[in-house]
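Okay, here's the structure, questions in a sec.
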């Protein structure tokens with residue numbers, strides 16, 4: 001494994017990790033542009049705040065020279081972590097988390113666009129709520145609707161219905177899925193305290209909390225690593241859904257990604273339930 005990294009202030013700042021595997025180059029560039037714009041806004045409110053971005057290349061990484069140069073022009077530092085092969089989502093992020101030294105660390109998907117004010121609102125919330133260790137944002141889709149990615153503890157039936165049934169059948173389970181997806185409490189206005197599970201596409205941590213948890217469990221190659229980490233986070237800190245912090249998510253589900261992803265999904269679900277307890281219905 002080869003790591004190139006620039007040094008930075010070890011105190012006030014944010015580190016960000018993105019795991020890249022055959023990622024669409026235009027989407028990645030858009031994500032990094034949105035991150036740069038959000039950092040500009042953060043520096044207006046907190047001039048001393050530093051930013052370090054780690055791009056973890058799990059294979060097939062596009063050329064990010066222009067995006068990295070843009071971040072550096074704004075005063076950020078950047079590193080490319082490569083040469084380790086496709087080690088999976090959680091283990092990839094752990095390579096960056098191990099070296100994180102700033103106050104906060106953002107686990108970020110390369111298919112997320114940050115609202116310009118997202119980081120400012122997050123840091124301000126952290127500073128006024130010292131018991132919070134993890135923030136999750138209002139996650140929208142390309143039509144502007146909320147993606148309900150906070151979760152209550154799943155049953156096997158919940159996962160099967162949501163992930164694999166066609167829409168015409170899924171409608172018979174609308175009430176059940178609404179409860180699982182916390183639609184009764186997740187909205188555009190209200191802070192929600194301690195949602196059981198939050199999405200790994202955007203997890204903004206206090207770095208000391210994330211290190212206390214030793215990052216993601218490396219036994220998950222893909223899927224459910226965020227479920228696992230969310231549940232373990234409750235043991236050491238509070239989690240908050242902060243709708244004032246907004247992002248756009250371009251991602252999709254396992255059932256639309258082919259048989260290999262379905263197999264990984266099932267294997268990770270088995271590992272998750274073996275660890276935290278099986279719920280069938």
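So how tilted is helix 259-276 from the main axis of the chain? Cα-based, degrees 0 to 90, rounded to 10.
Once rounded, one gets 80 degrees.
GNM, the chain, Cα, under 10 Å: largest mean-square fluctuation among 63, 40, 228?
Ranking 63, 40, 228 by mean-square fluctuation puts 63 first.
Rounded to the nearest 0.05, what FRET efficiency do residue 178 and residue 74 have when you use their Cβ-Cβ distance and R0 = 45 Å?
Numbers: r = 41 Å, r/R0 = 0.92.
My answer for the efficiency is 0.65.
Run through the DSSP bridge list for the chain and note the antiparallel percent, rounded to the nearest 5. Don't skip to the end; give the middle numbers.
Numbers: 17 of 43 bridges.
So the antiparallel bridges in the chain amount to around 40 percent.
How far, in nm, would the chain grow between residue 185 and residue 12 when pulled straight, counting 0.36 nm per residue and subtracting the alpha carbon separation? Intermediate values should be presented prior to the final figure.
Numbers: separation 173, 0.36 × 173 = 62.28 nm, distance 3.30 nm.
Fully extending the segment from residue 185 to residue 12 adds 59.0 nm.
Taking only Cα atoms, what is the 0 to 90° angle, nearest 10, from helix 118-128's long axis to the longest principal axis of the chain?
Here the helix axis deviates by roughly 90 degrees.
Apply 1/(1 + (r/R0)^6) to the Cβ-Cβ distance of residue 131 and residue 274, taking R0 = 30 Å, and write down the FRET efficiency to the nearest 0.05.
0.45
Roughly what % of DSSP beta bridges within region 137-281 run antiparallel, to the nearest 5?
Bridges in region 137-281 that DSSP calls antiparallel: roughly 50 percent.
Most fluctuating residue of 69, 226, 184 in a GNM of the chain with Cα springs under 10 Å: which is it?
For the chain, modelled as a Gaussian network with Cα springs under 10 Å, the answer is 184.
Hey, another quick one. Gain in length, residue 141 to residue 214, computed as 0.36 nm per residue apart minus the alpha-carbon separation, to one decimal in nm?
Numbers: separation 73, 0.36 × 73 = 26.28 nm, distance 3.09 nm.
Extra length available between residue 141 and residue 214 comes to 23.2 nm.
Sticking with this one: If you take the square roots of the eigenvalues of the alpha-carbon gyration tensor of region 217-281 and sort them as a ≥ b ≥ c, do you get rounded (a/c under 1.5), prolate (a/b over b/c) or oblate?
Working: a/c = 2.17, a/b = 1.17, b/c = 1.86.
Oblate.
Rounded to the nearest 0.05, what FRET efficiency do residue 263 and residue 236 give with R0 = 45 Å and r taken as the Cβ-Cβ distance? Could you check? Provide the component values of the computation, followed by the final result.
Numbers: r = 32 Å, r/R0 = 0.72.
Plugging the Cβ-Cβ distance into 1/(1 + (r/R0)^6) gives 0.90.
Can you compute the helix-only [θ] at 222 nm over the chain? Use -39500 (n - 2.57) per DSSP H run of at least 4 residues, normalise by all residues, nearest 500 deg cm²/dmol. Kindly include the intermediate steps, with their values, before the conclusion.
Details: 10 runs with 103 residues, N = 281.
Mean residue ellipticity at 222 nm (helix-derived): -11000 deg cm²/dmol.
Quick check on packing: order 115-121, 18-24, 273-279 by the mean number of other C-beta atoms within 10 Å, highest mean leading.
115-121, 18-24, 273-279
With Rg/Rh (Cα atoms, Kirkwood Rh) in mind, check [x] 0.94; [y] 0.96; [z] 1.08 and report the label derived from this structure.
Recomputing Rg/Rh (Cα atoms, Kirkwood Rh) here gives the entry labelled [x].
None of the figures in this text is laboratory data; all of them are computed from the coordinates on show. Please read all numbers here as calculations on a predicted model, not as lab measurements. Backbone-built Cβ (ideal geometry, glycine too); neighbour counts: all protein chains shown.
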